[in-house]
Amino acid sequence: MSGADAYARTFVRDVQGSLAPHADSVRAVAMRAYMKDVAPFLGIGAPIRRSALRPLLRALQPGADDVVPTVRALWGLHEREYQYVACDFLAQHEKLLSASFLRTDLEFLLTTRAWWDTVDALGTAVVTPLVARHPQLVSDMWRWLAGDNIWLVRAAIQHQRGLKHATDVERLVGMCSQRAADREFFIAKAVGWALRDLAHLNRPAALAFGAAHDELSPVAARELARGLAATESPPKPGARAKSAAT
């Protein structure tokens, strides 16, 4: 048994042991239904799960070679909480990941047992910081965007979320332009969220995008409208009273 495999086995065993006392079969049914039957659940909410595993995550620090075997092992377990643990594990140890992780293991995670919960968690935990740290991976975002896997498309469109003023606005606009007419809900929602972010970062660019894209899906258009409404300049003090007086 290699050292990486030994770490993965120990970590997964201890995760299972830590979560087992908190399983709730009644809540598990509701959680599974809410997630459209993507997987069975233990019935453990995020706050309890993270609290139960915090000592373990601190105590068992992995090396770079331990990350992939551990995450793959967690991803192979039936209950959905183990995929959530894998996402949290990657978030904590993202700096151990190389650029090549995105092209191999991360694509596997994004497209295996995929649903919005894990795809968005991996986006925040891994895709955004990994692409920011390795600019050569931007080409992979364009590759994902041009493909036919909805989850890779969604991850590509959202890969700059949270970067705020470090966002490459030209890239964001270009990606949203390519998928503006897409009616697939999970893609259209991602476009809408990106455009809502754009409204906060660069309102003129968001207005220009809306004016130039009549084909924008209704789902995305609603999110853009929300962003624009939230960033509309409030009237200057006294302006309303003056207007009423005249």
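Evaluated against (1) part of a helix (DSSP H, G or I); (2) surrounded by 15 or more Cβ atoms within 10 Å (Cβ to Cβ), L216 falls short on exactly one condition, (1). Filtered by the rule that a residue be modelled with pLDDT of 95 or more, of a type in the set (A, V, I, L, M) and either in contact with a strand residue (DSSP E or B) (Cβ under 7 Å, 6 or more places away or on another chain) or within 27 Å of V67 (Cα to Cα) (or both), the range 1-34 gives A8, V12, V15, L19, A20, A23.
Could you tell me which residue of the range 138-172 is farthest from A225 (Cα to Cα), considering only residues that are β-branched (V, I, T) and crowded, with 21+ Cβ neighbours inside 10 Å? In this case the residue turns out to be V153.
Scan the range 99-124 residue by residue and report those that are polar (S, T, N, Q) and either in a helix (DSSP H, G or I) or crowded, with 16+ Cβ neighbours inside 10 Å (or both).
S100, T104, T111, T118, T124, listed by residue number.
Inclusion of V127 among residues that are of a type in the set (A, V, I, L, M), crowded, with 21+ Cβ neighbours inside 10 Å and in contact with a helix residue (DSSP H, G or I) (Cβ under 7 Å, 6 or more places away or on another chain) is warranted.
Annotation note: Cβ proximity below 9 Å between a residue of the range 152-166 that is in the same structural domain as N202 (by TED's automatic domain parsing) and farther than 23 Å from F108 by Cβ and a residue that is surrounded by fewer than 18 Cβ atoms within 10 Å (Cβ to Cβ) and modelled with pLDDT under 95 (sequence gap 6+ or interchain) occurs for G162/T124. Within the range 30-51, residues that are farther than 18 Å from L19 by Cα have Cβ atoms under 9 Å from residues that are of a type in the set (D, E) in these pairs: M35/D117; V38/D117, counting only partners at least 6 apart in sequence or on another chain. The sole residue among L60, L74 that is surrounded by 14 or more Cβ atoms within 10 Å (Cβ to Cβ) and at pLDDT below 95 is L60.
Count of the range 56-67 residues, restricted to those that are assigned to a helix (DSSP H, G or I) and either within 11 Å of H93 (Cα to Cα) or free of Cβ contacts under 8 Å to residues at least 60 places away in the same chain (or both), is 7.
The values are calculated or read from the model by the stated rules, or taken from the named source; none is laboratory data. Note that this is a predicted model, so its numbers are computed, not measured. Because the Cβ atoms are built from the backbone with ideal geometry, glycine has one as well, and the counts that use them run over all protein chains shown.
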